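Bear in mind that the values in this text are calculations on the coordinates, not laboratory data. Bear in mind that the values here come from a model prediction, so they are computed numbers and not experimental data. Cβ placement follows ideal geometry from the backbone for every residue including glycine, while neighbour counts extend to all protein chains displayed.
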Amino acid sequence: MTRRHFRKSRRDEAPGLDVTTFMNLMVVLIPFLLISAVFSRVTIMELSVPTSAGKSTADRPNFTIEVIVRKAGLEIANGSSVEAAIPKKDGQYDMKLLSQMLMRLKARFPQKEEATVLMEPNIAYDYLIQIMDAVRGAGVQQEGSEAVERMVLFPNISIGDAP
């Protein structure tokens with residue numbers, strides 16, 4: 001009888017939990033996931049949207065810089081009339097010519113830091129980013145040097161819909 005009782009109590013015991021295999025998996029998996037993880041940097045740029053109710057005509061500067069993005073090309077306007085039109089070149093917007101024209105405007109108005117980018121509907125978002133980068137600054141190569149220096153043009157950008 002004692003033998004039978006001994007066998008019965010042996011069956012009731014729960015087997016020990018073996019976590020060795022799981023720990024081995026974690027030791028390999030965690031470093032792999034940390035090494036393969038993509039660390040991204042999120043950048044937020046402060047923009048303002050132009051409003052007609054926000055300013056009176058007395059507060060407006062004499063010259064406002066507007067870059068209008070149209071399907072046919074780019075236009076640089078002064079708030080009331082078009083200063084220059086830049087047609088598309090091989091189906092792409094001519095960013096080099098846009099940068100040159102904006103550098104000329106910066107030379108004429110060195111204190112000016114505001115610009116407005118106005119877009120027509122159904123234009124790719126990538127073009128908005130490229131144009132905003134061109135309006136904010138341009139790469140200038142110094143004479144006799146191969147280094148390209150970044151020139152700040154109009155860092156305060158407002159965005160809106162094209163008229």
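Listed values, structure above:
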item: Highest average packing first - 28-38, 122-132, Cβ atoms within 10 Å; result: 122-132, 28-38
item: Under-5 Å amide H pairs with ILE65, H placed in peptide plane, nonlocal only; result: THR116
item: Number of Lys pairs (Cα under 21 Å; 8 or more positions apart or on different chains) in the stretch 66-161; result: 6
item: Peptides 143-152, 96-105, 78-87 ordered by average Cβ neighbours within 10 Å, highest first; result: 96-105, 78-87, 143-152
